[in-house]
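Heads up: the structure comes next, in C-alpha cells.
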Amino acid sequence: MPSEKQPFYDPVPPTYDEALAGSSRRREDAWSQRDERDAPNTESESLLRQTGGTSASSSSRRPHGYRPPTVETDDEDSLFDGLSDDDEEDEVRQVMEEMDMEEPESRTSRWRKRMPFGLSLPRFKWPSFPRVRIQLPSGPGGESSSSNNDNNNNSESTTTPTTTWTLPALPKIDGVTVLVTVARLLALFILMGFFFFLFTSGLLVSPSQSRGGGRYPPASVEHHILNNIKPETIRHNVEHYSKYAHMAGTRGSRGLADDMFKMFKHAKLPYYEEDKYEVYLNYPKENGRAVELMDASGEHVEFSAVLEEDERHVETSGHQTYVFHGLSRSGDVKGPLIYANYGSRRDFEKLKEAGIDTKGAIALVRYYGPVDTAGLKVQAAEAAGFAGCLIYSDPADDGFKKSKEAPDGSGMPKGAVHRDTVALSHLVMGDILTPGWESKPELPRLEMQNVHMVNIPSLPLSWRDAEVLLKRLKGHGEIVAENWKGAVPDVEWWTGNVTSPIVRLKNEQDEVRHQEIYNVYGKILGQEQGGKSIIIGNRRDAWSFGATDPHSGTAIMLELARIFGELHEFGWRPLRTIEFMSWDGGAYNNIGSTEYVEMNLQRLRNDAFAYIDLNAAVSGREFRASGSPMFKKILLSALDRVQDPFTTKSMRQLWEERRGEIENLGTDSDYVAFQNIAGTSSLHLEFTGNVFPRHSSFDTHDVVEMHTDPGFEYHVTMAKIVSFILYELADLNILQLDLHSYGESLGHWIDDLQQWINDQPGHKEDKQKFSLDEMRQAVDTVKSTVAHFEEWEQSWKAATRNSRGWEDDQITELRKAYNDRMGQFETALLDQSQVGGGLPGRSQFRHMVFGPQLWPDRKDAYFPLIRDAIVDGNYTVAQEGVQKIAEHIRRAARALESPTHQSL
C-alpha cells in the first residue's frame with residue numbers, strides 16, 4: 001500500500017522535448033517514488049533529477065529520456081505497415097497519455113487520480129486509419145522510390161530533374177471507411193473535450209491535487225537541503241557580518257540592514273522588506289564614564305580604571321565601541337566599595353546578615369552565576385541600598401580558567417570588557433517608552449520617570465581594572481566564603497565595608513527618545529495556507545563585532561534562506577508561509593522583535609504557528625533547546641537524522657545520554673514577545689559548552705574559525721537540525737506540533753510546583769489549605785481531549801492511504817481546521833483580558849504557564865503568577881491564581897474541540 005504522503009507531491013513538469021521523448025509508460029518508473037520508510041535509497045535521489053527505467057531503445061536516448069526525432073526515410077511505409085492492431089491501440093493510448101502530468105509517487109495517471117472512482121481508457125482495438133503516403137525525392141537527380149509491402153511488389157518510377165514535384169497518388173478510400181473514421185475521430189474529440197471540461201472546471205480535482213507542481217516528496221526536499229548546506233558560505237556570512245561594529249541605531253547597524261535586504265534578495269526570496277521603528281536608546285559619551293579610586297578625603301584620584309579595551313584594529317570600517325551598559329541610568333556617585341559575589345538577592349542578604357552596611361556604597365559583582373542577567377544584578381544592588389554597581393568578568397567564569405585567552409583561545413582576555421544591557425526584561429519587553437504598543441512616530445510615549453528601568457548608574461569592567469579594586473579591599477569587612485572567590489590572581493578576597501576605599505562611578509550618556517532601528521523580513525508564501533506562518537529569526541545588532549553572538553545564528557539563517565529560496569526557484573512551494581526575520585535592537589531589550597509583535601499582534605495570535613530563535617546559535621558542542629513542549633516530537637525526529645561531527649553519534653543519542661530536555665525560556669532573546677505576548681509556540685536552539693569573549697571586541701570571526709568551531713562543522717550541524725524542523729513545520733500536511741507532550745509536561749510542572757511550595761519556609765497552615773487540584777483536573781481534561789483530537793489524524797492517514805492520497809474539498813478543509821486548532825492551543829493559554837490581564841503589574845506577559853518571576857531564582861520555573869504570590873506569602877492570591885490558570889488550561893482544551901472529530 002503506498003504511503004499516505006506520496007500522492008500529495010507533484011513532479012517537476014517535463015520540458016517540451018522530454019514530453020515528446022517517449023510514452024508515459026516509460027516515464028512511470030522515472031516519476032514514481034517509494035515511501036522513504038520502505039526505500040532507504042530515496043535519500044540519495046536528487047530533488048530535480050529522476051532516474052528513469054531502461055528500455056530496448058535506451059541507448060539511443062539522451063539524458064532524462066529525451067530521444068532525438070528520426071529523419072524521414074524511404075522506409076516510412078514499412079514503419080507504418082509494421083504496426084499491428086494492438087500496436088495501434090498502444091500508439092493512440094500513448095498520444096493521449098503523453099498529454100498527462102503523472103503523480104510522482106503513483107503508477108497511475110493523474111487523470112485517474114483526479115477521479116474519486118477507478119477510471120481507465122477503454123480496452124478495445126482501434127482499427128487502422130487510412131494513411132496518406134507521400135513519395136519524396138531520394139537522390140540528387142530527383143529519383144524517388146516507394147515500397148509496397150502490402151502487395152510484396154516493387155515498382156520504380158523515374159522523373160527528370162525539375163523544380164516541380166509530382167504529387168503522389170492517393171489510395172482509394174470507400175465511403176464506409178470514411179464514415180467510420182470520421183465517427184471515431186468525432187468520438188475521440190468528444191471524449192477529450194469531456195475530460196478537458198472536467199479538469200478545467202475543477203469539479204473532480206481535490207484541493208491536494210490542485211496545488212499543482214509546487215510539491216515534492218519530503219525525502220527529496222530534505223536530501224536537497226542537506227546536500228546544499230555549505231560551510232564556506234556560513235563562514236563567509238559570519239565574517240561579513242562581524243567585520244565592523246554595529247550597535248543598534250548606528251550607521252554600522254543600518255549598513256548591515258541594507259546588506260540583509262540584499263542578501264534576502266540574492267537568496268531569491270520572493271518577498272522582502274524593511275520595517276522602521278523609533279525607540280529609546282542610550283549611547284556612551286567619549287569622556288562621560290569614569291571609575292576612580294579616591295583617597296581618604298574623597299577629593300583626589302589615586303587610580304583611574306582604563307575602562308576601554310585596547311584597540312585591536314580588526315575592523316574594516318569605523319572603530320571599536322565604547323564600553324557601557326545599555327539602558328543604564330546616568331549618574332555620578334561616590335561610596336565605599338563592597339564586593340557582593342554574583343549580585344543575587346541572596347548574596348546581598350548575606351552581606352546584611354554579616355552586619356555590613358551597604359547603603360550608599362558601590363557594589364562590585366561578577367557576571368554569570370545564578371542571576372544570569374545584568375539588569376537583575378543592578379536591580380538587586382539598588383534594592384539593597386547601593387548607589388552604583390560595577391560588573392566585571394572573572395576568569396573563573398569565562399577566562400583563562402576555562403580556556404586560553406582570545407585570540408589564542410576562546411576565553412575572555414584580561415583587558416576585554418563584557419558589555420551588556422541592564423534592561424529589566426522580566427518587567428518590560430521592547431521599547432521601554434511604549435510597553436504594549438508599537439514604537440511608531442505618531443504614537444504616544446511614556447516619560448522617563450514612569451518607565452521600568454534601573455535607578456542607579458552602572459558600568460562594566462575588565463578584570464584588569466577589577467583586580468586593582470579587589471586588592472584594595474584587603475582588610476575591610478569579612479573574608480569571603482570559598483564559593484565567593486573568583487580567579488583573579490594575587491587577590492585576598494574580602495567583602496569590604498563602610499571603611500573601604502571610596503570609589504567614584506560616573507556615567508554620562510546620550511539618551512535618544514526617537515532613534516531609528518530597522519528590521520528586515522523575507523518571506524516564501526505558502527500555497528495552501530498562505531496566511532499561516534512559520535517564523536525563524538535572529539537579532540542583527542551587536543555590542544561590538546558579534547561573530548558568535550549573534551552572527552553564528554545570522555549566518556545559519558541566511559544559509560537556510562538561500563537554500564529555501566533556491567527551492568522556490570525550482571518551483572517548490574510550502575503549504576504554509578516561511579518568514580525570515582532579522583531584528584534590530586535585540587541586544588538592548590529584544591526591541592525590534594517586540595515592536596514587530598506589538599504591531600502585528602492579532603495576526604500573530606491567529607496565524608503564527610511557530611517561532612524559531614537562533615541567537616548565539618553556536619558557541620560550543622553541547623546541544624541545548626529551550627521552548628514550548630510543542631516541539632518535542634519534531635525536535636527528536638530532527639536530532640535522530642543528524643550526526644554529531646565530533647563523535648559521529650546521532651544528535652538524539654547524545655541528547656538522551658545527557659538526559660536532555662526542552663528547557664524553559666528566559667527573557668534574554670527574541671522569542672520572549674512571541675511566546676509571552678502572541679502565544680506563538682517558540683523554540684530556541686544552540687550549541688553551548690565553551691566560553692567565548694561575549695560582547696567584547698574579541699568576539700571576532702578569527703576566534704570562531706580557529707577555536708569555537710573550526711571548519712564551521714557545528715554551524716552546519718545546527719543548520720541541518722533547523723532545516724528539518726523548518727521544512728516539516730511548513731510543508732507536511734499535518735502540522736507537526738506535539739500536543740501529547742504538552743499535556744504530559746503540564747502534569748510534570750504542576751508536580752514540580754508542588755515540591756517547590758513545600759520547600760518554601762513558613763506558612764504551615766496556609767500550605768495545608770492551599771491546593772493545586774483544580775489545575776491537575778484541568779490537565780487531565782487536556783490529556784483526554786488531546787487523545788480524542790489526535791484520533792482524527794489517524795483516521796485521515798488511513799483515509800488518504802485507501803484513496804491513494806485523494807482528498808475531497810471537505811476533507812481538505814477539515815485537515816486545515818485540524819492544523820489551525822492545534823496552533824491555537826498555545827494562544828488559548830494567554831490571558832487576553834483588556835483589564836487586569838497578564839501578570840500583575842506586567843501586563844505584557846500574558847502566558848499563564850510561561851513567563852519570568854518578579855525575582856527569578858531559577859530558569860525552569862513555570863506558573864510565575866503562583867510563584868510570585870507564594871514568595872510574597874500571599875496564599876490567597878496564589879489560590880486565585882490556581883483558579884485562573886486552570887480556567888485557561890480548560891480553555892486550551894476547548895480550542896481542540898471541533899467538527900474535525902467527525903469520522904472520514
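Residues of the range 613-627 include none that is in contact (Cβ under 8 Å) with a residue 40 or more places away in the chain, polar (S, T, N, Q), farther than 29 Å from Met412 by Cβ and surrounded by 24 or more Cβ atoms within 10 Å (Cβ to Cβ). If the condition is being assigned to a helix (DSSP H, G or I) and surrounded by 19 or more Cβ atoms within 10 Å (Cβ to Cβ), then the range 346-381 contributes Asp347, Phe348, Leu351, Ala374, Gly375, Leu376, Lys377, Val378, Gln379, Ala380, Ala381.
Within the range 241-256, track down each residue that is among the hydroxyl-bearing types (Ser, Thr, Tyr) and part of a loop (DSSP other than H, G, I, E, B). Once the filter is applied, which keeps residues that are among the hydroxyl-bearing types (Ser, Thr, Tyr) and part of a loop (DSSP other than H, G, I, E, B), the range 241-256 yields Ser242, Tyr244, Thr250. Applying the criterion of at least 2 residues that are charged (D, E, K, R), over 30 Å from Phe545 (Cβ atoms) and under 22 Å from the mean Cα position of the chain (by Cα) to the helices (runs of 4 or more DSSP H) found wholly in the range 688-786 leaves 713-731.
Which residue is nearest to Ala340 (Cα to Cα), if the candidates are limited to the range 459-482 and must be part of a loop (DSSP other than H, G, I, E, B) and in contact with a Ser or Thr (Cβ under 9 Å, 6 or more places away or on another chain)? The extreme case among them is Val480.
If you go through the range 267-320 and pick out every residue that is surrounded by fewer than 16 Cβ atoms within 10 Å (Cβ to Cβ), in the same structural domain as Glu569 (by the TED database) and hydroxyl-bearing (Ser, Thr, Tyr), you end up with 1. Are any of the residues in the range 438-458 under 29 Å from the mean Cα position of the chain (by Cα), in a loop (DSSP other than H, G, I, E, B), modelled with pLDDT of 95 or more and under 24 Å from Ala383 (Cα atoms)? Within the range 438-458 (the criterion being under 29 Å from the mean Cα position of the chain (by Cα), in a loop (DSSP other than H, G, I, E, B), modelled with pLDDT of 95 or more and under 24 Å from Ala383 (Cα atoms)), the answer is no, since none of the residues qualifies. Within the range 321-345, being surrounded by fewer than 24 Cβ atoms within 10 Å (Cβ to Cβ) and of a type in the set (Val, Ile, Thr) holds for one residue alone: Val333.
Asp860 falls short on exactly one of the conditions (1) more than 26 Å from Glu774 (Cβ to Cβ); (2) surrounded by fewer than 17 Cβ atoms within 10 Å (Cβ to Cβ); (3) under 27 Å from the mean Cα position of the chain (by Cα), and that condition is (1). Selection of the range 333-364 for residues being within 28 Å of Gly586 (Cα to Cα) and either in contact (Cβ under 8 Å) with a residue 40 or more places away in the chain or out of contact with any Cys (no Cβ under 7 Å at 6 or more places or on another chain) (or both) yields Asn341, Tyr342, Gly343, Ser344, Arg345, Leu364. The set of residues in the range 717-726 being in contact with a helix residue (DSSP H, G or I) (Cβ under 6 Å, 6 or more places away or on another chain) and over 20 Å from Glu622 (Cβ atoms) consists of Ser723 alone.
Pairing each residue of the range 813-829 that is assigned by the TED database to the domain that holds Ala787 with any residue that is among the β-branched types (Val, Ile, Thr) and surrounded by fewer than 21 Cβ atoms within 10 Å (Cβ to Cβ), provided the two are 6+ apart or on different chains, yields C-beta distances under 8 Å for Arg815/Ile734; Tyr818/Ile734; Asn819/Ile734.
Residues in the range 777-801 that are free of Cβ contacts under 8 Å to residues at least 60 places away in the same chain and either out of contact with any Asp or Glu (no Cβ under 9 Å at 6 or more places or on another chain) or surrounded by 19 or more Cβ atoms within 10 Å (Cβ to Cβ) (or both): Asp780, Ser784, Ala787, Glu790, Glu793, Gln794.
Here is a check on your reading of the model: is Gly666 of a type outside the set (Asp, Glu), under 30 Å from Leu854 (Cβ atoms) and outside the structural domain of Leu427 (by the TED database)? Taking the combined requirement at face value, the residue satisfies it. Of everything in the range 647-672 that's buried (at least 21 other Cβ atoms within 10 Å of the Cβ) and of a type in the set (S, T, N, Q), which residue is nearest to the chain's Cα centre (by Cα)? Among those residues, the one meeting the criterion is Ser669. Considering only the range 655-692, state which residues are out of contact with any Lys or Arg (no Cβ under 8 Å at 6 or more places or on another chain) and within 25 Å of Asp397 (Cα to Cα). Trp655, Arg658, Arg659, Glu661, Leu665, Thr667, Asp668, His684, Phe692, listed by residue number. Of the numbered criteria (1) among the β-branched types (Val, Ile, Thr); (2) more than 20 Å from Ser593 (Cβ to Cβ); (3) not in a helix (DSSP H, G or I), the one Val279 fails is (2). Answer yes if at least one residue in the range 496-504 is surrounded by 22 or more Cβ atoms within 10 Å (Cβ to Cβ) and not in a strand (DSSP E or B), and no otherwise. Scanning the range 496-504 turns up at least one residue that is surrounded by 22 or more Cβ atoms within 10 Å (Cβ to Cβ) and not in a strand (DSSP E or B). When Asp394 is tested against (1) out of contact with any Gly (no Cβ under 6 Å at 6 or more places or on another chain); (2) within 21 Å of Asp549 (Cα to Cα); (3) charged (D, E, K, R), just one condition goes unmet, and that condition is (1). Of the residues making up the range 701-725, those that are hydrophobic (A, V, I, L, M, F, W, C) and closer than 25 Å to Glu239 by Cα are Val703, Val704, Met706, Phe712, Val716, Met718, Ala719, Ile721, Val722.
Scanning the range 219-245 for residues that are within 17 Å of Phe545 (Cβ to Cβ) and small (Gly, Ala, Ser) yields a total of 2.
Screening Ala616 with (1) closer than 29 Å to Asp702 by Cβ; (2) more than 16 Å from the chain's Cα centre (by Cα) gives one miss only, at (2). Taken over the range 692-701, the criterion of being among the hydrophobic types (A, V, I, L, M, F, W, C) and surrounded by fewer than 24 Cβ atoms within 10 Å (Cβ to Cβ) is satisfied by no residue. Yes or no: Leu604 in a helix (DSSP H, G or I), of a type in the set (A, V, I, L, M) and under 14 Å from the mean Cα position of the chain (by Cα)? Against the criterion (in a helix (DSSP H, G or I), of a type in the set (A, V, I, L, M) and under 14 Å from the mean Cα position of the chain (by Cα)), Leu604 does not qualify.
The values are calculated or read from the model by the stated rules, or taken from the named source; none is laboratory data. Since the model is a prediction, treat every value here as computed from it, not as a measurement. Here Cβ is always computed from backbone atoms with ideal geometry, including for glycine, and neighbour counts include all displayed protein chains.
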